[in-house]
Structure formats: C-alpha cells, structure tokens
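Every number here is computed from the coordinates shown, using simple stated rules; none is lab data. Model, not experiment: these values are computed from the prediction. Using ideal geometry, Cβ is built from the backbone for each residue, glycine included, and neighbour counts are taken over all protein chains shown.
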Amino acid sequence: MQEDGSAPLPALTRAEAEVVDLYLEVADLLGRVNPARGRHTYGSLRAAQTLVVKAAELRDALAQMHERGEHELHAATLERALRVLDGARRTGRVGLPPAAGG
C-alpha cells in the first residue's frame with residue numbers, strides 16, 4: 001500500500017475515525033515535545049500543554065467505544081487508515097533522529 005495518501009481511506013466508523021485522528025494528533029504533539037528534535041522550549045511547552053488535552057480526548061474516545069460495546073480494534077483496517085494519513089512519518093518524529101555521521 002502506498003503511504004503518500006493517494007490510496008483511499010478505508011471505511012471507518014465515526015468512533016474509529018476519531019480515535020485515528022486523535023492518535024495522530026497525539027503523535028504529532030509528542031514529536032514536537034521530543035527533546036532530541038526540538039529547538040525551543042516555548043514550542044515544546046505549548047505542545048506538551050496541548051498533549052495533555054489531546055491524550056485525555058483520546059482516552060475518552062476509547063472509553064466511549066468500549067462503553068458502546070466496541071471491544072475490539074480492527075488493527076488491519078486502522079493500520080491502513082494510519083498509513084493513508086501519513087502515520088509512518090508522523091509517528092517517526094517521536095523516536096530518536098538518526099545518529100550524526102552514520
């Protein structure tokens with residue numbers, strides 16, 4: 001599957017779409033907080049403040065799914081959605097950058 005967003009987004013329930021969107025927002029914020037990639041404390045601080053809010057929204061979305069009887073995540077479908085939405089690049093910023101010089 002292509003990871004450039006040209007593949008169609010798989011059919012998701014509203015709840016699944018919300019979880020995927022919030023997960024990627026949290027990943028983006030973690031990437032901005034990552035001390036190995038950051039440059040300014042103010043931007044990292046703002047990202048960390050927003051991260052708290054978005055993580056709580058993600059928790060609430062998952063709790064709501066569970067309360068409605070949605071007890072399983074359809075990992076293959078959600079993985080396809082994450083790939084279409086550039087999840088590999090967006091989550092990649094959470095980790096360490098490649099070592100300098102090699």
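Miscellaneous remarks
- Distance between the 7 Å Cα→Cβ label points at residue 73 and residue 34: 1.9 nm.
- Kyte-Doolittle mean at least -0.5, axial Cα span of 24 Å or more - DSSP H helices of the chain: 14-33, 41-67
- Computed lengthening from residue 60 to residue 9, 0.36 nm per intervening residue step minus Cα-Cα distance: 16.0 nm
- Modelled FRET efficiency - R0 25 Å, residue 48 with residue 89, Cβ distances, 0.05 increments: 0.75
- Relative contact order of the range 14-92: 43 percent, from C-alpha pairs under 8 Å at least 6 residues apart in sequence.
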